[in-house]
1. For residue 64 and residue 125, compute 0.36 nm times the residue count separating them, minus their Cα-Cα distance, and round to one decimal in nm.
2. Rg(Cα) of the stretch 128-167 divided by 2.2 N^0.38 Å?
3. Amide H of residue 176: which non-local residues (sequence gap of 5 or more, or other chain) have their own amide H closer than 5 Å, using H built in the peptide plane?
4. Give me the 1.4 Å probe accessible area per residue for the stretch 95-156, excluding ligands and nucleic acids, in Å².
5. Roughly speaking, to the nearest percent, how much of the chain's 1.4 Å accessible area is carbon and sulfur?
6. Per residue of the stretch 120-135, in order, report the coupling 6.51 cos²θ - 1.76 cosθ + 1.60 (Karplus, θ = phi - 60°) as ³J(HN,Hα) in whole Hz, putting x for Gly and Pro.
7. Can you list residues whose amide H is under 5 Å from residue 114's amide H, if they're 5+ apart or on another chain and H is modeled 1.01 Å from N?
8. Please report the accessible area of residue 161 (heavy atoms, 1.4 Å probe, ligands and nucleic acids excluded) in Å², nearest 10.
Amino acid sequence: MKDFINIALPKGRLGEKVYDMFERAGYPCPSIRENNRKLIFENSDACVRYFWVKPSDVAIYVERGAADIGVAGKDILLEYEPDIYELLDLDLGKCRMAVASKSDFRDNTDKTLRVATKFVNITKKYYAGKSREIDVVKLNGSIEIAPILGLSDVIVDIVETGTTLKENNLKVFETIVPISARLIANKSSYKFKADKIADIREKLSKQVIKND
Ligand code: PRP
């Protein structure tokens, strides 16, 4: 029986770029380009099976072995610390995790800082490192509204082009960490499908275009 590699791709714009990279690396699966709502695609010649999952779920599929490898944002890896191997920086989906607020914000260090974010663990770790006391307000999206409505003093969120901040009269005060898409592998797949995963990693690395 052929040993397929199961690959979890982040559904959406980033996922399409990631798939293009796999295709250029020699792992095509033409049916994936058909315009339908299927989620699983395979190419038995190349022995690859791709599936589209919610970007924040890729690491779960890989950690639990439902996927051998996948592509996840560094933000998700830092936030959830899944037990996986990080194999390669694909240099796609580049953005940064940053602290932002209204442009007139001034930090009063005598007070607990109220921070709205989706990334609770990254936020707690960052402020613990600065010995700054915070009150985390966990939100699920549209984080930028929080300081405008007085729900928080600052936000910790992803900034890509900066347009969302600008259009809401907010600005970046600190950059926490740069983010990009990473190739990740399940730990046991990495052992038992070592040759194939090493081959994919090697071929993908040749497709990475560094844009610093
Ligand atoms: C992300 C992030 C910002 C926006 C930043 O939101 O939370 O809102 O993108 O991009 P920009 O700097 O290019 O404007 P996403 O689209 O993931 O949705 P969300 O608001 O639900 O988190």
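The values are calculated or read from the model by the stated rules, or taken from the named source; none is laboratory data. Note that the structure is predicted; figures quoted are calculated from it, not measured. Remember, those area values only see protein heavy atoms, side chains included, never the ligands or the DNA or RNA. Shrake-Rupley method; radii C 1.70, N 1.55, O 1.52, S 1.80 Å.
1. Numbers: separation 61, 0.36 × 61 = 21.96 nm, distance 2.53 nm.
That pair, residue 64 and residue 125, stretches by 19.4 nm at full extension.
2. 1.28
3. 97, 98, 99
4. Working: 3380 Å² over 62 residues.
Here the per-residue accessible area is 55 Å².
5. 48 percent
6. The phi angles translate into 5, 6, 4, 4, 4, 5, 4, 6, 4, x, 9, 6, 9, 7, 9, 10 Hz.
7. 135, 153, 154
8. Surface accessible to solvent at residue 161 totals approximately 110 Å².
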